[in-house]
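Peer 1: One structure, as C-alpha cells, below. Some questions next.
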Amino acid sequence: MTTFRISEAAALLGVSADTVRRWVDGGRLVADRDEHGHRRIPGAALAEFVRAQAAGGDQAERFSSARNRMRGIVTAVIRDGVMAQVDVQAGPFRIVSLMSREAADELGLEVGVVAEAVVKSTTVVVERPDPPGDAR
C-alpha cells in the first residue's frame with residue numbers, strides 16, 4: 001500500500017506540513033504511525049480527503065463537462081494586439097493559458113487576481129515519479 005509522509009502529502013496538496021498535521025490532529029485526515037513513530041498517510045485516505053475537499057467547493061453550482069479545475073493566483077499577464085498569455089500558480093503548479101486579449105480584458109485578468117484554470121482535454125498524460133510496484 002502506498003503511504004505518504006506528512007511533508008509529501010503537503011507538497012502534493014500545495015499546503016504546509018503544519019496544515020497537514022493540523023488536519024491529522026483534528027481528525028480530518030487519517031494517519032498511522034510507522035515503526036519509527038513517524039506519521040504516514042495511506043494513499044487511499046489522502047485520495048478520499050482530496051475528493052471530499054473538491055466536492056465541498058462550489059463545483060456543484062456549475063454546469064460544465066470540464067472536471068479539472070485548479071484555483072490559483074494570476075502571476076503574469078502578457079498582452080499583445082490580439083492574444084494574451086496568462087500564468088496561474090495553483091499550489092505547486094504553474095498553468096499557462098493562451099487566450100484572446102479580448103477574453104483576458106473581459107475577465108479582468110491582472111497579476112494578483114484569483115482565478116481558476118479549467119482544463120478539458122481529450123489527451124491527458126499521466127506519469128509516475130517511481131516505477132510501478134515500488135510501494136512506499
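Rule-based calculations on the coordinates, nothing more; no lab input. Predicted model only: the values in this text are computed from it and were never measured. So basically every Cβ, Gly included, is an ideal-geometry build from the backbone, and we count neighbours across all protein chains shown.
Peer 1: Order by neighbour count: E127, E102, fewest other Cβ atoms within 10 Å first, most last. Don't jump to the answer; show the numbers that get you there.
Peer 2: Numbers: E127 4, E102 11.
The most exposed by this proxy come first: E127, E102.
Peer 1: A follow-up question, please. Counting other beta carbons within 10 Å of each residue's own, what order do F49, F4 fall into, fewest first?
Peer 2: Numbers: F49 18, F4 21.
Result, fewest neighbours first: F49, F4.
Peer 1: Right, something else. If you find the alpha carbon centre of the range 13-43 and of the range 96-136, how far apart are they in angstrom?
Peer 2: Taking the Cα centre of the range 96-136 as reference, the centre of the range 13-43 is 27 Å away.
Peer 1: Cβ neighbours within 10 Å, averaged per peptide: list 83-90, 70-77 in order, most packed at the top.
Peer 2: 83-90, 70-77
Peer 1: With θ taken as phi - 60° and the coefficients 6.51, -1.76 and 1.60, list the Karplus ³J(HN,Hα) couplings across the range 9-21 in order, rounded to whole Hz; mark glycine and proline as x.
Peer 2: Working through the residues one at a time gives 4, 4, 5, 5, 8, x, 10, 7, 4, 4, 5, 5, 4 Hz.
Peer 1: Figure the gain on full extension for D32 and E8 (residue separation times 0.36 nm, minus the Cα-Cα span) and round it to one decimal in nm.
Peer 2: Details: separation 24, 0.36 × 24 = 8.64 nm, distance 1.46 nm.
Gain on stretching D32 to E8: 7.2 nm.
Peer 1: Given the Cα-Cα distance of M1 and D80 and 0.36 nm per residue of separation, how much length would full extension add, in nm? Each step should come with its number before you reach the end.
Peer 2: Working: separation 79, 0.36 × 79 = 28.44 nm, distance 5.01 nm.
Length gained between M1 and D80: 23.4 nm.
Peer 1: Okay, next question. Can you put R5, R33 in order, fewest other beta carbons within 10 Å first?
Peer 2: If I rank by nearby Cβ atoms, fewest first, I get R33, R5.
Peer 1: In whole Å, what are the Cα extents of the range 3-56 along the three principal axes, biggest one first?
Peer 2: Over the range 3-56, Cα extents along the principal axes are 34, 20, 19 Å.
Peer 1: Please give the peptides 92-101, 117-126 ranked by average Cβ packing (other Cβ atoms within 10 Å per residue), highest first, as a rough proxy for protection. Don't skip to the end; give the middle numbers.
Peer 2: Values: 92-101: 13.0, 117-126: 8.9.
Per-residue mean Cβ counts within 10 Å order the peptides as 92-101, 117-126.
Peer 1: Continuing with this model, one more query. As a test of the formula, what do you get for the chain when each DSSP H run with n ≥ 4 contributes -39,500 (n - 2.57) and the sum is divided by the residue count, at 222 nm and rounded to the nearest 500 deg cm²/dmol? Working shown, then result.
Peer 2: Working: 4 runs with 37 residues, N = 136.
Estimated from H runs of four or more residues: -8000 deg cm²/dmol.
Peer 1: Please work out, to two decimal places, the log10 of the ratio I(q)/I(0) at q = 0.12, 0.15, 0.17 Å⁻¹ from a Debye calculation in which every Cα of the chain carries one identical scatterer.
Peer 2: Those come out to -0.64, -0.90, -1.06, one per q.
Peer 1: In addition: About the Cα centre, and with charges only on the beta carbon of Lys, Arg (+1) and Asp, Glu (-1), how big is the dipole of the chain? Nearest 20 debye, please. Before the final figure, lay out each step's value.
Peer 2: Details: 18 positive and 19 negative charges, 67 e Å.
Around 320 debye, computed over the chain.
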